[in-house]
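Chemist: Right, I'll just put the structure down here and ask away after.
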Amino acid sequence: FLIEKLFSETWVLVINDKHSFALYLCLTSVFCSKATFAISPEDLNTIGTMIPIHSCKNLLKSINRRSQSFQTSSHFGVFDNFFTNKYGGGGASTTLTAVATTSVTVQRRNYNSLNDGTPFNLCFLRHGQSTWNRDNRFIGWADTPLTDDGVLEARVAGQMLHKSGMLFDEVHTSLLRRCIRTTNLVLMEMGQEYIPVHKHWRLNERNYGSLVGKNKKEVVKLHGIEQVKRWRRSYNEPPPPMEDEHPYHPGRDPRYRLMLSKIPKSESLHCTMKRSSEYWDKVIEPQLRDGKTILIVGHENNLRSILMRLEGIPEEDIINLSIPRAVPLAYRLDENLKPIDTGKRDEATGFLRGEWLGGDKAVKEILERDHKQVYDTSIQHNLETDDTQDKWRTWMSVAVGDPAPTMKAMSAPGQFQQDNIIGNSTTGAVHCDPKLFGDIPDFSDDYCPDCDHDDDDEQKDEAVSQ
């Protein structure tokens, strides 16, 4: 970060002792740049206290590989022989007074169209349509697959990213296949299948408790619009908890067998933010600070929790933020990893400083349709499957072309059965044979009153992550 700041402006390096010259050589030899930079003696002292000795040694080793005339030692004054040979005098006692300017170049990526003026770039993407999105059902941690439309949505998102010129260094996503398959399809369209993809349960969708599997519009008719909206979108009101015998309890899924005590019975956005923030702090933020461009493929509520923190959205306002499926949201961040303020927010939601690659107007129309699909009980037909959707599907199929054979294989419909785990791509339900795992354990002692869950067993958490 400090070196990035040095290269952002013009500096003058005053060389008044061999320590100054050592630092000067480190910077110019290891970092090839054309920017003229410099450090005052006061700044040099500050920098010297911030750079650990072992880091200096690594820098100097790099220099030694480039020039055999440099001789290293165990302390920072390692250029005795260099000074003696080049300038004469007594090595350590030599003092230089000069103003040195050099042409060096900061090696910034030239392939990322969003990387103008900042090395910190991030993109969010919600998964494509899954079977329960299509059927208007609460999903949560249920592992529903993508529909054919969902595959197409993911491919279109990949084409948007490809045409934007963005390239990613790595992807972070959940353990749920609607996100994993969206990730795979996007990377195929971008030609970036080779980059690392990190999967973690902390990026899973929020657990909708006892609502999982129920039709959203039927729940609205039963409990009312305001109550359902609070369950879906408010900050600290979780839905009713899931019973242990619930048919879609995540404890029946083998992917969570090492973290049964961490499975929540129900989650508010606050609970979701707690786990997503831990993943952000420990994994994503360090990678961003290393200059990596990152794609996060997630679910609506885990993305809302990250965006709430990133944008500083108040608790009372977050209820009004929704995220559309399969439309990339790109961010440029400053050195504090906060969105660069352009003085305006997006027109689609009114909260975000990122850029919707599909355009604000299109996103606004999608969000209006999604709102009607859940809350407008006067609409009897399914807006996800009506004639308008058929026209969109036909047009987009022509636009992106036929899928590759690997894509077809990934989205093939029909029954599948593997290792006693039975699923159906039409209903999207996944059931595990209870005989494999025994009775569902009692989780009642693992949660705090506001639906949070026990988070002590870091060894098992790390095992699941690996």
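The values are calculated or read from the model by the stated rules, or taken from the named source; none is laboratory data. This is a predicted model, so every value here is computed, not measured. No Cβ is skipped: glycine too gets one built from the backbone with ideal geometry, and neighbour counts run over all protein chains shown. Areas reflect the complete protein model, heavy atoms only, side chains present, ligands, DNA and RNA absent. Shrake-Rupley method; radii C 1.70, N 1.55, O 1.52, S 1.80 Å.
Chemist: Counting just the residues of the range 232-250 that are among the hydroxyl-bearing types (Ser, Thr, Tyr) and either under 19 Å from Asp317 (Cα atoms) or free of Cβ contacts under 8 Å to residues at least 40 places away in the same chain (or both), which one comes out most open to solvent (accessible area, probe 1.4 Å)?
Modeler: Tyr235
Chemist: Only one of these is hydrophobic (A, V, I, L, M, F, W, C), touching a residue at least 40 places away in the same chain (Cβ under 8 Å) and part of a helix (DSSP H, G or I): Met160, Met166. Name it.
Modeler: Met160
Chemist: Tell me the residue from Leu367, Leu329 that is in contact (Cβ under 8 Å) with a residue 40 or more places away in the chain and farther than 24 Å from Phe120 by Cβ, please.
Modeler: Leu367
Chemist: Does at least one position in the range 266-281 carry a residue that is touching a strand residue (DSSP E or B) at 6+ places or on another chain (Cβ under 7 Å) and either at pLDDT 95 or above or not small (Gly, Ala, Ser) (or both)?
Modeler: Checking the range 266-281: not a single residue is touching a strand residue (DSSP E or B) at 6+ places or on another chain (Cβ under 7 Å) and either at pLDDT 95 or above or not small (Gly, Ala, Ser) (or both).
Chemist: Quick one: which of Arg181, Arg230 is assigned to a helix (DSSP H, G or I) and within 25 Å of the chain's Cα centre (by Cα)?
Modeler: When all the criteria are applied, what remains is Arg181.
Chemist: Now a separate question. Can you tell me which residue is nearest to Pro247 (Cα to Cα) among those in the range 173-215 that are polar (S, T, N, Q) and in contact with a helix residue (DSSP H, G or I) (Cβ under 6 Å, 6 or more places away or on another chain)?
Modeler: Ser174
Chemist: Can you list the helices (runs of 4 or more DSSP H) found entirely within the range 252-368 that contain at least 2 residues being open to solvent by 10 Å² or more (accessible area, probe 1.4 Å) and closer than 27 Å to Pro240 by Cβ?
Modeler: In the range 252-368, the matching helices (runs of 4 or more DSSP H) lie at 269-279, 300-311.
Chemist: Of these, Gly224, Gly165, Gly213, which one is modelled with pLDDT of 95 or more, in contact with a Phe, Trp or Tyr (Cβ under 9 Å, 6 or more places away or on another chain) and at positive phi?
Modeler: Residue meeting the stated conditions: Gly213.
Chemist: It is to be established whether one or more residues within the range 208-231 are buried (at least 22 other Cβ atoms within 10 Å of the Cβ) and among the polar types (S, T, N, Q).
Modeler: No, the range 208-231 has no match at all.
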